Amino acid sequence: MKEFFLAIALSIFGLMSAQNADYTKSIDSLMNSFQQNNAFSGSVLLQKDGETVYKGEFNKFGDNSDKYRVGSITKIFTAVITFQLIEEGKLTLDTKLDKYYPDIKNADKITIGNLLNHTSGIYNYLEWNDYYVSKQKKFAKKEMLDLITQGKPDFKPGDDCRYSNSNYLLLGYIIEDITGKPYAENLNVRITDKIGLKNTYCEAEENQYPKRNASYSFDGEKWTKETETHPSFTFAAGAVVSTTEDLSKLMDNLLKGKLVSGTSLAQMGQTNQKAIGYGLFLTPFYDKTGYGHSGNIDEFHSFTGYFPNDRLSVSILSNGGNIALNEIVLGVVSKYYGRAYQNPDFSIYKSKTVPQTKIYSGVYKAKLVGLINVGTFQISEAANNYLFLSMYEDGKEGQKILLERKGENKFYARKNNAEFDFIIDKKGNVTGMKLTQNKQSVNCKKII
C-alpha cells in the first residue's frame with residue numbers, strides 16, 4: 001500500500017498540570033462528541049498502578065466484543081520475545097540476518113538490532129501496489145519473503161531509520177526458526193500466560209474473526225464493514241488481537257521489568273531522533289516521558305502508552321472513525337491532566353454556490369516543484385458533499401480516505417491533517433489542486 005501522505009510521529013503535546021478532579025466527566029464529554037460526529041468508535045482505558053481510573057465504551061456497532069485487532073502494537077510483543085531469546089543466549093543484537101534469511105538484500109550487513117529499531121533499510125512490503133486488492137488472501141511464508149525481496153532497499157543498513165513492517169515480519173519468522181514453535185505459541189507461553197492476558201492472542205485464520213470486533217469505514221452518510229486483511233499478511237508485525245485492559249496490563253508489567261531484564265528494557269526504550277526505539281516509541285507529553293506504540297490495520301486504529309513516573313497507562317482501541325488517533329490520545333490525556341484542549345471543528349461548509357462534488361472526480365498526479373512525480377491518486381464522490389481520496393496505481397484503486405468540505409473548493413482530510421485546494425479554470429473545469437500538510441505543499445495536476 002503506497003503511502004502518499006507524510007508520516008506523523010505519535011507525540012502527545014501539552015503543558016502538564018495537576019490531575020483534573022473532574023476528568024471523568026471531561027473525557028466522557030469529549031469522547032461522546034467524537035462518537036456523535038462519526039469521528040470515533042471504540043474503547044478507552046486509563047489505569048494507574050494497574051487500577052482503572054477511567055474506562056469508556058464508545059463502540060457504535062453491535063459486535064458485542066471488547067476485542068480489537070491492534071495492528072502494529074503487535075511489534076511490542078515481538079520485541080519482547082526477541083529480547084527474551086537474547087537473554088537466553090539464542091540471539092544477540094549483532095546477529096546477522098543472513099544466518100536465517102540470506103536472500104534478503106544486504107542480509108550479511110543487517111543485524112537483529114537493525115530489525116528491532118527500523119534501521120535495516122529493508123523495503124516495507126506494505127507498500128506493495130496490490131496490497132489493498134489482495135489483502136483478503138491467505139499468504140504463505142514464501143510469498144511474504146518474495147514480497148520483501150522484490151523491493152529495493154531504502155538505504156544501507158544503519159545509515160538511516162525508516163519504519164518497515166518487513167523488519168518485524170522477519171523477526172517473527174526468526175522466533176519460529178529458533179524455538180521450533182509457532183509464533184502464536186511463543187506469544188502465549190512467554191507473555192500472555194505469564195502475566196495473565198486472558199483476551200490476547202495472535203490471529204491466524206478467518207474463522208477467528210467473529211471472536212472480535214469488525215472495523216467500519218464512513219462515507220459521509222453511512223458506515224460500511226471494511227474488508228479484512230488476512231492475518232498471514234501481517235503476522236508478527238500486526239496480527240495480534242487484544243483489549244484495552246490487556247494492553248494496559250502488558251505495558252504495566254513490561255515497564256516494571258516483569259517480562260524482560262532491566263538491561264533489555266533500557267535497550268527497548270533507547271530511541272533515536274525519530275523517537276523510534278527497539279520495539280517501543282517515545283510518546284512525550286512535554287515534561288513527561290512516555291513509551292508505547294500505535295497501530296493501524298483496515299479501519300482499526302490503536303494506541304497503548306505508559307508514563308513510568310506517574311505509573312499511568314493509556315490504551316485506546318478503535319474500529320472506526322474519521323480523525324487521527326493522535327488527536328484522540330491528545331484529547332484524553334489533556335482532559336486527565338486538566339490541560340486546555342481545543343475540540344476539533346466538525347462543522348461542514350455549506351453554501352448555495354458551491355460546485356457539485358462530481359466536478360472534482362478524476363485522477364491526479366502529485367509533483368514536487370512541478371517536476372518530480374511523488375504519487376498518483378483518485379478523487380471520487382462520497383455522500384453528503386464529501387469526497388474520497390485513494391491511491392491509484394496501474395488502474396487499481398486503494399484504500400479510501402474521506403475528505404470533508406471546508407470551502408467553495410477546499411476539502412480537508414481529518415485523518416491525515418491535509419488540505420486540498422482545487423484549482424478551477426475560467427470555464428469551470430478542475431485542472432488540479434494544491435495539497436498542503438504540515439506546512440508543506442505539493443502541486444497536483446488532473447490527468448484524467
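The values are calculated or read from the model by the stated rules, or taken from the named source; none is laboratory data. Quick caveat, the model's predicted, so the values are computed rather than measured. When we count neighbours, we look across all protein chains shown, and the Cβ atoms used for this are built from the backbone with ideal geometry, even at glycine.
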Failed item in (1) of a type in the set (Phe, Trp, Tyr); (2) modelled with pLDDT under 95; (3) touching a strand residue (DSSP E or B) at 6+ places or on another chain (Cβ under 9 Å), with Phe77 passing the rest: (2)
Residues satisfying the stated conditions in region 111-160, i.e. of a type in the set (D, E, K, R), assigned to a helix (DSSP H, G or I) and over 29 Å from Glu226 (Cβ atoms): none
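Give region 131-160 a look and list any residue that's in contact with a Gly (Cβ under 9 Å, 6 or more places away or on another chain), hydrophobic (A, V, I, L, M, F, W, C) and touching a residue at least 60 places away in the same chain (Cβ under 8 Å), or say none.
The one that is in contact with a Gly (Cβ under 9 Å, 6 or more places away or on another chain), hydrophobic (A, V, I, L, M, F, W, C) and touching a residue at least 60 places away in the same chain (Cβ under 8 Å): Val133.
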Selected residue (criterion: farthest from Asn409 (Cα to Cα)) from residues of region 340-364 that are surrounded by 19 or more Cβ atoms within 10 Å (Cβ to Cβ) and in contact (Cβ under 8 Å) with a residue 60 or more places away in the chain: Tyr364
Close pairs (9 angstrom Cβ cut-off, 6 or more residues apart or separate chains): within 18 Å of Gly295 (Cβ to Cβ) in region 203-229, part of a helix (DSSP H, G or I) and of a type in the set (Lys, Arg) anywhere: Glu203/Lys211
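May I ask you to list the residues in region 420-448 that are among the acidic types (Asp, Glu) and in a loop (DSSP other than H, G, I, E, B)? Spell out the reasoning first.
Quick first cut of region 420-448, residues among the acidic types (Asp, Glu) only: 421, 425.
Asp425 - this is the single residue of region 420-448 that is among the acidic types (Asp, Glu) and in a loop (DSSP other than H, G, I, E, B).
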Subset of region 222-267 [among the aliphatic types (A, V, I, L, M), part of a helix (DSSP H, G or I) and under 19 Å from the mean Cα position of the chain (by Cα)]: Ala236, Ala237, Leu247, Leu250, Met251
Condition broken by Thr179, with the remaining ones in (1) of a type in the set (S, T, N, Q); (2) closer than 28 Å to Asp94 by Cα; (3) touching a His at 6+ places or on another chain (Cβ under 8 Å) satisfied: (3)
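Which of the residues belonging to region 87-96 are in contact with a Ser or Thr (Cβ under 9 Å, 6 or more places away or on another chain) and more than 14 Å from Asn117 (Cβ to Cβ)? Walk me through how you get there before you give the answer.
As a first pass, look at region 87-96 and keep what is in contact with a Ser or Thr (Cβ under 9 Å, 6 or more places away or on another chain): 87, 90-96.
Within region 87-96, Glu87, Lys90, Leu91, Thr92, Thr95, Lys96 qualify.
Given Ile348, Ile359, Ile323, which one is at pLDDT 95 or above, in contact with a strand residue (DSSP E or B) (Cβ under 8 Å, 6 or more places away or on another chain) and not in a strand (DSSP E or B)? First the steps, then the outcome.
Details: Ile348 fails: at pLDDT 95 or above; Ile323 fails: at pLDDT 95 or above.
Step by step, each of Ile348, Ile359, Ile323 is checked, and only Ile359 is at pLDDT 95 or above, in contact with a strand residue (DSSP E or B) (Cβ under 8 Å, 6 or more places away or on another chain) and not in a strand (DSSP E or B).
Which of the residues belonging to region 78-96 are over 26 Å from the mean Cα position of the chain (by Cα) and either in a helix (DSSP H, G or I) or not hydroxyl-bearing (Ser, Thr, Tyr) (or both)?
Leu85, Ile86, Glu87, Glu88, Gly89, Lys90, Leu91, Asp94, Lys96
What do you reckon, is Glu393 without any contact (Cβ under 8 Å) to a residue 60 or more places away in the chain and at negative phi? Steps first, answer last, please.
On the way: without any contact (Cβ under 8 Å) to a residue 60 or more places away in the chain: no; at negative phi: yes.
So Glu393 fails the test.
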